[in-house]
Ligand SMILES: Cc1cc2nc3c(=O)[nH]c(=O)nc-3n(C[C@H](O)[C@H](O)[C@H](O)COP(=O)(O)OP(=O)(O)OC[C@H]3O[C@@H](n4cnc5c(N)ncnc54)[C@H](O)[C@@H]3O)c2cc1C
């Protein structure tokens, strides 16, 4: 059977793979993108509620989690959010800023995918092959070519092989864990993976509370065991806790740990409760709290934290009991039983150990010509456009060297 020879094969036509293809194609490299799915860029299309939060104005290395926190710096500095914004503007894609510097398309995430495909096409060097199952990867030594790929679409040989197959999140979108298998094949360490940017679930009495409050959203601050804290919206759902604050915190949470919620982060609740006691001595605690939180939430909190004072006028509630209530509202301890897992997770934490990759080129230190980019690598961003920025930056870092 004949073997098709190209310079670069990229496995995975998602965010990082397409960016890498465009970048390598612009250098005149003949690139073949192989994707097992029926369509490339599916996650781009479903991202940001269909509007793709494509980057963030305030990208910093500390927006990323990794066992090797400095690894991401080089790529992020060499292809920045400003470079990607310039590309978006060059393609006249209308976009807007939302809070915390998050940039979204005005119209559709389709614009970002179309832009990446146009950038690939412009080079006339990039071919994309979908519905392609990679059956076997072997190394060869025929002068120029280092890798031989046996696939459902034929045999291919290439000089550089880029693994851009993503992580494990959303298996229905083509996530497969394939990249980790390739990493192991070439002797790489794969750090334990877990679902990130994912809602929390509960099996204790809080499960029924979140079910009853399903649909309620409020701005809170939420703190993990390691003191990482985010201020954002919390959403009660019939499965547990979601909303941006819960998703952000899930990256910093480990099974068995509690999380702490401050339901009124703008207020010193202990002093405020004492004031209410003086100013409204005949009032009930819930009557004062309902204007600040919602009625249904206050009724749930009352059952959980001050059932014996539910019908007691404020004047008759001892200060010590008010302090306990303040503590419960300001540092509500919740113990998730888990998360919704890869089924709904936006990202996969962990992955290919960066200590065995070049931070400049993303090339393996174990196998010349092999590169890992995007989510398959142990670099995970916060919610807010940081994961796509990593996909663009790592894609370009490799694209300039493959
Ligand atoms: C619902 C959702 C919303 C999101 N929204 C945002 C957002 O708004 N902003 C943001 O920054 N991030 C967002 N993300 C995260 C972002 O989508 C990922 O970080 C990013 O897509 C990772 O890029 P990647 O190229 O590494 O992987 P992917 O984009 O996942 O691409 C991997 C590609 O590899 C292919 N593939 C997998 N296995 C194989 C195989 N065996 N053979 C061949 N091909 C294979 C897949 O079909 C896919 O096309 C979101 C994620 C989800 C799930």
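On the stretch given as the range 229-270, residues that are buried (at least 21 other Cβ atoms within 10 Å of the Cβ) and out of contact with any strand residue (DSSP E or B) (no Cβ under 8 Å at 6 or more places or on another chain) total 2. For the range 36-54, filtering for residues that are in contact with a strand residue (DSSP E or B) (Cβ under 8 Å, 6 or more places away or on another chain) and near the ligand (Cβ under 6 Å from one of its atoms) leaves 6.
Scanning the range 178-194 for residues that are buried (at least 18 other Cβ atoms within 10 Å of the Cβ) and near the ligand (Cβ under 10 Å from one of its atoms) yields a total of 3. Here residue 78 fulfils each of the conditions (1) touching a strand residue (DSSP E or B) at 6+ places or on another chain (Cβ under 8 Å); (2) more than 9 Å from the ligand (Cβ to nearest atom); (3) farther than 25 Å from residue 133 by Cβ apart from (1). Is one or more of the residues making up the range 152-163 closer than 16 Å to residue 373 by Cα, within 30 Å of the chain's Cα centre (by Cα) and within 11 Å of the ligand (Cβ to nearest atom)? There is at least one residue in the range 152-163 that is closer than 16 Å to residue 373 by Cα, within 30 Å of the chain's Cα centre (by Cα) and within 11 Å of the ligand (Cβ to nearest atom). Could you tell me which of the residues 314, 329, 299, 323 is without any contact (Cβ under 8 Å) to a residue 60 or more places away in the chain, surrounded by 14 or more Cβ atoms within 10 Å (Cβ to Cβ) and touching a strand residue (DSSP E or B) at 6+ places or on another chain (Cβ under 8 Å)? Matching residue, one of 314, 329, 299, 323: 314.
The test for being within 13 Å of the ligand (Cβ to nearest atom), buried (at least 18 other Cβ atoms within 10 Å of the Cβ) and either more than 30 Å from residue 230 (Cα to Cα) or within 16 Å of the chain's Cα centre (by Cα) (or both) holds for residue 11.
Among all residues of the range 336-344, there is none that is within 16 Å of the ligand (Cβ to nearest atom), buried (at least 19 other Cβ atoms within 10 Å of the Cβ) and under 27 Å from residue 88 (Cβ atoms). Exactly one residue out of 327, 375 is in a helix (DSSP H, G or I) and under 28 Å from residue 83 (Cβ atoms), and it is 375. Criterion applied to 197, 116 was being out of contact with any strand residue (DSSP E or B) (no Cβ under 8 Å at 6 or more places or on another chain) and crowded, with 16+ Cβ neighbours inside 10 Å, and the one residue passing it is 116.
FYI, it's all coordinate maths here, none of it is from the lab. On a predicted model such as this, the values are computed, not experimentally measured, just so you know. Please note: Cβ atoms are built from the backbone with ideal geometry, for glycine as well, and neighbour counts cover all protein chains shown.
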